[in-house]
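> Take a look at this one; I'll ask things after.
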Amino acid sequence: MGILVLLSLAGGGSVLYVFYKFGQGLPAHTQLADYEPPVMTRVHAGDGRLLAEYAIEKRAFVPIKAMPQRVIRAFLSAEDKNFYYHPGIDFTGLLRAVLINIKNIGQGRRLVGASTITQQVAKNFLLTNEVSYTRKIKEAILAFRIERALEKDRILELYLNEIYLGIGSYGVAAASLNYFNKSMDELTIAETAFLAALPKAPNNYNPRKHLKAAIERRNWVIGRMVQDKVITQAEADAAKTHPLIVEKRSATEFVNASFYTEEVRRELAHRYGDEKLYKGGLSVRTTLDPRLQEIADRELKNGLIAYDRRHGWRGPVKHFNTPLGWLEELDKVKQPKGSEGWDMAVVMAVDDSKADIALSETTQGTIPLSELKWARAWKKDQKRGPQIRKASEVLKAGDVVLVEKITHMPKAKDEEEAKPYPEGTFGLRQVPAVQGGVVALDPHTGRVLAMSGGFSYEQSQFNRATQAKRQPGSAFKPFVYLAGIDAGLTPSTLVLDAPFVIDQGPGKPKWRPANYTKKFYGPRTMRFGVEKSKNLMTVRLAQTIGMEKIADYAKRFNIYQNLPQQLSMSLGAGETSLLQMTTAYAMLVNGGKRIIPTLIDRIQDRHGKTIFKHDERQCQGCVSKFWTNQPVPEIPDERESVTDAASAYQIVSILHGVVKRGTGRRINKLGIPLAGKTGTTNDSFDSWFVGFSPDLALGIYVGFDTPRTLGKKETGSSVAAPIFKDIMGEALKDKPNIPFRIPPGVRLVRVNAKTGALARPGDRDIILEAFKPGTIPTGEMAVIEGVSDTISGGTEGFPASGTGGLY
């Protein structure tokens, strides 16, 4: 008896010593209480459709209470049937494994393990995969500690969401999708058993490589499920007959908005860091309108292609000199970025009327002369060579070109329907060298509904809507005139349109801004100055009201933070972004209320808690369990005023005139209430059109990434305005025509459009003009003439060089 006591004490002491020695310096198991596995961040469009997923390991975390019981019990049967009864180590299972392994050693068979789920959690989360007795001891110690610190369900939850089950599947939910394209509650008994068979060696039971071993292991799990009374024998027999077929996971449908999505990704990384972005399981609801985004992408591409075709053909992608093996060589040619949706072909033969092409051994076609007429040779400064009369003037045998299959000829003006082309007809295509951007936003909230930053995201990830800083030219002029109206002027105030010269001082040239047309109209209304984009009138107005005031308005509308107080800046010579300009115009049509543009409505953490909202207003009475005929809650308008609502409307009315009579009149063909302004900079380097309907603000920019001329006579009216027109036409199609909202106190009065005076009998050119109370013209009006041919002093009014905006 004494010997037994001594042996017991020695054994107990040895166990305590092992626990003491190996228990030192172990990782803190308590961290598992707050452990959250890396989960992907998902970004959704405004309608809930998926935009993007960001993750290092694509997994889905499912709480234990949301998991089907059959899935849970299948894993317990396969891995640890006594999980809910042992203290971290299953001594019964351990003894059974020892006895089986003694037998297996004698028969030369593989040894079996006895690790509990808790031990696997300890290994996966806190230890390495090192194969040694010391790691097993540490694993056992940690298992005891984990069991004392965590509830059983929490341990099992960690295990089922963390375990690697092969083919990139972390956790049971991901494995269910990757192996069977099903959610866990859709799994059959056979499929559930197969997943439960994987933890020991997922690569050894991959059905694509080891189908027989996978079925044997699955059937073993089914047998264990019968023993543990998870399923009946009849269910087991039926499950074992099921073939093991891996279903390819359905491709996730994403809304295509690459520039927009990348802008959201950058904002999330800036707010929360990469760790939370790629592992934090954020749920992000953006402001994107997928329909409007598709329109913006399509029409920007069409507009850039239309401009590019007006300026000629820059040559083939490649030319093969030797006539042998052209098709084999074609396969080796890398398709130019930005040509997605087009095909590459090699020109096999050319005559006067067509070019014969081959896309592959089995696909041939022709490019008729009518589809080559645009391809006049490109020349410097966007000029073109002579007109095309023969196909051979454009292409020659051996040229590798981009083509697109087409079915109809371009429709002539006198035709109701376009004539069809023969089968196998292709059009010649070219990736534009010019770039552009589009921003569409809700003018009342600042929610960015669509954004396109270039011709192709694959070609260039640089976002011209947010990252490019360019001169807006005449698109800035409305804010000069707004400053004048807030200072007491009216749309009928007369400003002199005549030559303007400022002597900049000794040794410096005189500054002579000019109108685009080089014509002068004498005293004309402020409305005329904006509608016809008159530089000389704008400079005189800026000089009269002061550049300090204009710089203040530029800052209020967040166009420029520190506008240099130089007269040329009144013509849009400073640099800003398309998003900033579009937001500034939105604050005109919304009645002069400040908005902050946003691409994100709401962000929730992995637990569903909202951690960011763009609209932070409190709504009393918005949350009600029942509707009992109570009135609709009113949400307070907390937006700051950046200008008087009446002044904002007067500018809106003037910009409506730009579309009806001015530089944007081609847009008037849509027949819907629209307003906006063209912008073109020196030598036609930048082309803009920014405008709005009553409930949609839209900005367009077109220019080269390395600034150079767009070509003679290319302006905001010819380049950007057609894109604005096409997007607005599609976006507002089948929607009611809503007039621009007139704020209280504004009166619409009939005036002579040329003189700004009240209309008299016999006047022909009469318009309705908007006036604030007490500002309606009653007699002869003074003319703002400015001070020309003077030496400027200080920085106030200092012109700098150039004319800024042109048209």
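> Considering each residue of segment 778-793, count those that are surrounded by fewer than 12 Cβ atoms within 10 Å (Cβ to Cβ) and modelled with pLDDT of 70 or more, and give that number. Working first, answer last.
Residues of segment 778-793 surrounded by fewer than 12 Cβ atoms within 10 Å (Cβ to Cβ): 778-780, 782, 789, 791, 793.
Still in the running and modelled with pLDDT of 70 or more: 778-780, 782.
Number satisfying all stated conditions: 4.
> Among the residues of segment 469-487 satisfying the criterion of being out of contact with any Asp or Glu (no Cβ under 9 Å at 6 or more places or on another chain) and within 20 Å of Gly756 (Cα to Cα), which is surrounded by the fewest Cβ atoms within 10 Å (Cβ to Cβ)? It would help to see each step written out before you state the result.
Step one: of segment 469-487, the residues out of contact with any Asp or Glu (no Cβ under 9 Å at 6 or more places or on another chain) are 474-482, 484, 487.
Add one more test, that the residue is within 20 Å of Gly756 (Cα to Cα), and what stays is 477-478, 480-482, 484, 487.
On the way: Lys477: 28, Pro478: 25, Val480: 26, Tyr481: 30, Leu482: 24, Gly484: 26, Ala487: 13.
Applying the filter and picking the extreme gives Ala487.
> Going through segment 438-454 one residue at a time, which ones are open to solvent by less than 10 Å² (accessible area, probe 1.4 Å) and assigned to a loop (DSSP other than H, G, I, E, B)? Steps first, please.
Within segment 438-454, the first condition is being open to solvent by less than 10 Å² (accessible area, probe 1.4 Å), and the residues that meet it are 438-441, 443, 446, 448, 450-454.
Those that are open to solvent by less than 10 Å² (accessible area, probe 1.4 Å) and assigned to a loop (DSSP other than H, G, I, E, B): Pro443, Gly446, Gly453, Gly454.
> While we're looking at this one, here's another question. So which residues in segment 740-776 are open to solvent by less than 90 Å² (accessible area, probe 1.4 Å), closer than 20 Å to Tyr649 by Cβ and in a loop (DSSP other than H, G, I, E, B)?
Across segment 740-776, the qualifying residues are Phe740, Ile742, Pro743, Gly745, Val746, Ala753, Gly756, Lys772, Gly774, Thr775, Ile776.
> Do you know which residues across segment 145-172 are among the aliphatic types (A, V, I, L, M) and modelled with pLDDT of 85 or more?
Selection gives Ile155, Leu156, Leu158, Leu160, Ile163, Leu165, Ile167, Val172.
> Looking at Asp734, is it open to solvent by 10 Å² or more (accessible area, probe 1.4 Å), among the charged types (D, E, K, R) and in contact with a Pro (Cβ under 9 Å, 6 or more places away or on another chain)?
Values: open to solvent by 10 Å² or more (accessible area, probe 1.4 Å): yes; among the charged types (D, E, K, R): yes; in contact with a Pro (Cβ under 9 Å, 6 or more places away or on another chain): no.
Answer is no for this residue.
> Now for a different question. Any residue in segment 244-258 that is touching a residue at least 60 places away in the same chain (Cβ under 8 Å) and within 29 Å of Phe194 (Cβ to Cβ) sitting within a Cβ distance under 8 Å of a residue that is of a type in the set (D, E, K, R) and in a loop (DSSP other than H, G, I, E, B)? List the pairs, counting only those 6 or more apart or interchain.
Qualifying pairs under 8 Å: Val246/Arg208; Glu247/Lys182; Glu253/Arg49.
> How do the pairs read when you match residues in segment 716-738 that are in contact (Cβ under 8 Å) with a residue 60 or more places away in the chain and within 16 Å of Ala296 (Cβ to Cβ) with residues anywhere that are buried (at least 20 other Cβ atoms within 10 Å of the Cβ) and of a type in the set (D, E, K, R), using Cβ under 6 Å and keeping only pairs 6 or more apart or on different chains?
Once the first residue is in contact (Cβ under 8 Å) with a residue 60 or more places away in the chain and within 16 Å of Ala296 (Cβ to Cβ) and sits in segment 716-738, its partners that are buried (at least 20 other Cβ atoms within 10 Å of the Cβ) and of a type in the set (D, E, K, R) give Ile723/Glu299; Asp726/Glu299; Ile727/Glu299.
> Do any residues in segment 413-437 that are without any contact (Cβ under 8 Å) to a residue 40 or more places away in the chain have Cβ atoms under 8 Å from those of residues that are in a loop (DSSP other than H, G, I, E, B), where the two are at least six apart or on different chains, and which pairs are they?
Qualifying pairs under 8 Å: Glu417/Lys411; Ala418/Met409; Ala418/Pro410; Ala418/Lys411; Lys419/Met409; Pro420/Thr407; Pro420/Met409.
> Here are Pro506, Pro491, Pro513, Pro478: which of them is more than 29 Å from Leu748 (Cβ to Cβ), within 40 Å of the chain's Cα centre (by Cα) and of a type outside the set (Gly, Ala, Ser)?
Values: Pro506 fails: within 40 Å of the chain's Cα centre (by Cα); Pro491 fails: more than 29 Å from Leu748 (Cβ to Cβ); Pro478 fails: more than 29 Å from Leu748 (Cβ to Cβ).
From the options Pro506, Pro491, Pro513, Pro478, the qualifying one is Pro513.
> Any residue in segment 321-332 that's touching a residue at least 60 places away in the same chain (Cβ under 8 Å): show its pairings with residues that are surrounded by 10 or more Cβ atoms within 10 Å (Cβ to Cβ) at Cβ separation under 6 Å, as long as the two are six or more apart or on different chains.
Partner pairs satisfying both residue conditions: Trp326/Phe320; Trp326/Val346; Leu330/Val346.
> Taking segment 671-685 only, how many residues are in contact with a Leu (Cβ under 8 Å, 6 or more places away or on another chain) and either at pLDDT below 95 or not charged (D, E, K, R) (or both)?
Pass one, segment 671-685, residues in contact with a Leu (Cβ under 8 Å, 6 or more places away or on another chain): 672, 675-677, 680-682, 684-685.
From the residues that got through so far, the ones that are either at pLDDT below 95 or not charged (D, E, K, R) (or both) too are 672, 675-676, 680-682, 684-685.
Selection size over segment 671-685: 8.
> Return the total of residues in segment 228-250 being surrounded by 11 or more Cβ atoms within 10 Å (Cβ to Cβ) and of a type in the set (S, T, N, Q).
Residues in segment 228-250 being surrounded by 11 or more Cβ atoms within 10 Å (Cβ to Cβ) and of a type in the set (S, T, N, Q): 1 in total.
> Moving on to the next point. For segment 183-195, which positions are surrounded by fewer than 19 Cβ atoms within 10 Å (Cβ to Cβ) and under 11 Å from Pro68 (Cβ atoms)?
Pass one, segment 183-195, residues surrounded by fewer than 19 Cβ atoms within 10 Å (Cβ to Cβ): 183, 185-186, 188.
Across segment 183-195, the qualifying residues are Ser183, Asp185, Glu186.
> Now, a different point. Cβ contacts < 9 Å: first residue without any contact (Cβ under 8 Å) to a residue 60 or more places away in the chain, restricted to segment 504-516; second residue surrounded by 19 or more Cβ atoms within 10 Å (Cβ to Cβ) and aromatic (Phe, Trp, Tyr), any location; separation 6+ or different chain. Result?
Within 9 Å, the pairs are Arg512/Phe500; Asn515/Tyr807.
> While we're looking at this one, here's another question. Tell me whether segment 398-406 contains one or more residues that are open to solvent by 10 Å² or more (accessible area, probe 1.4 Å), out of contact with any strand residue (DSSP E or B) (no Cβ under 6 Å at 6 or more places or on another chain) and β-branched (Val, Ile, Thr).
No, that holds for no residue.
> Further question: Does Leu300 satisfy being part of a loop (DSSP other than H, G, I, E, B), under 18 Å from the mean Cα position of the chain (by Cα) and modelled with pLDDT of 95 or more?
For Leu300, the condition - part of a loop (DSSP other than H, G, I, E, B), under 18 Å from the mean Cα position of the chain (by Cα) and modelled with pLDDT of 95 or more - is not met.
> Exactly one of these conditions fails for Lys354: (1) touching a Ser or Thr at 6+ places or on another chain (Cβ under 8 Å); (2) open to solvent by 40 Å² or more (accessible area, probe 1.4 Å); (3) touching a residue at least 40 places away in the same chain (Cβ under 8 Å). Give me its number.
Against the list (1) touching a Ser or Thr at 6+ places or on another chain (Cβ under 8 Å); (2) open to solvent by 40 Å² or more (accessible area, probe 1.4 Å); (3) touching a residue at least 40 places away in the same chain (Cβ under 8 Å), Lys354 comes up short only on (3).
> Where the second residue is at pLDDT 95 or above and not hydrophobic (A, V, I, L, M, F, W, C) and the first is in a helix (DSSP H, G or I) and lies in segment 271-286, which pairs have Cβ atoms under 8 Å and are six or more apart or on separate chains?
Note: pairs meeting the criteria are Leu277/Arg265.
> Read through the list (1) farther than 29 Å from Arg249 by Cβ; (2) at pLDDT 80 or above; (3) of a type outside the set (Lys, Arg); (4) buried (at least 23 other Cβ atoms within 10 Å of the Cβ), then give the number of the only condition that Ala122 fails.
Of the numbered conditions (1) farther than 29 Å from Arg249 by Cβ; (2) at pLDDT 80 or above; (3) of a type outside the set (Lys, Arg); (4) buried (at least 23 other Cβ atoms within 10 Å of the Cβ), the odd one out for Ala122 is (2).
> Here's something else I'd like to know. Filter segment 614-673 for residues that are in contact with a Ser or Thr (Cβ under 8 Å, 6 or more places away or on another chain) and open to solvent by 40 Å² or more (accessible area, probe 1.4 Å); which is nearest to Glu267 (Cα to Cα)?
If we take residues in segment 614-673 being in contact with a Ser or Thr (Cβ under 8 Å, 6 or more places away or on another chain) and open to solvent by 40 Å² or more (accessible area, probe 1.4 Å), then His614 is nearest to Glu267 (Cα to Cα).
> Got a sec? Which of Thr490, Thr466 is open to solvent by less than 50 Å² (accessible area, probe 1.4 Å), touching a Phe, Trp or Tyr at 6+ places or on another chain (Cβ under 9 Å), closer than 25 Å to Asp686 by Cα and not aromatic (Phe, Trp, Tyr)? Quick ask: steps written out before the conclusion?
Numbers: Thr490 fails: closer than 25 Å to Asp686 by Cα.
Just one listed residue meets the conditions, Thr466.
> Evaluate the following for Ala498: is it in contact with a Phe, Trp or Tyr (Cβ under 8 Å, 6 or more places away or on another chain), open to solvent by 10 Å² or more (accessible area, probe 1.4 Å) and farther than 28 Å from Gly437 by Cα? If you could, list the steps in order and put the result at the bottom.
Numbers: in contact with a Phe, Trp or Tyr (Cβ under 8 Å, 6 or more places away or on another chain): yes; open to solvent by 10 Å² or more (accessible area, probe 1.4 Å): yes; farther than 28 Å from Gly437 by Cα: yes.
Yes; evaluated as a whole, the condition is true for this residue.
> Within the group Pro420, Pro368, Pro432, which residue is at pLDDT 95 or above and farther than 27 Å from Val719 by Cβ?
Working: Pro420 fails: at pLDDT 95 or above; Pro432 fails: farther than 27 Å from Val719 by Cβ.
Just one listed residue meets the conditions, Pro368.
> Only one of these conditions is not met by Ile651: (1) in contact (Cβ under 8 Å) with a residue 24 or more places away in the chain; (2) in contact with a Lys or Arg (Cβ under 7 Å, 6 or more places away or on another chain); (3) not polar (S, T, N, Q). Which number is it?
(2)
The values are calculated or read from the model by the stated rules, or taken from the named source; none is laboratory data. Everything numeric here is computed off the predicted structure, so don't read it as measured data. Note: ideal-geometry Cβ built from the backbone for every residue, glycine included; neighbour counts use all protein chains shown. Only protein heavy atoms, including side chains, enter the accessible area calculation; ligands, DNA and RNA are left aside. Shrake-Rupley method; radii C 1.70, N 1.55, O 1.52, S 1.80 Å.
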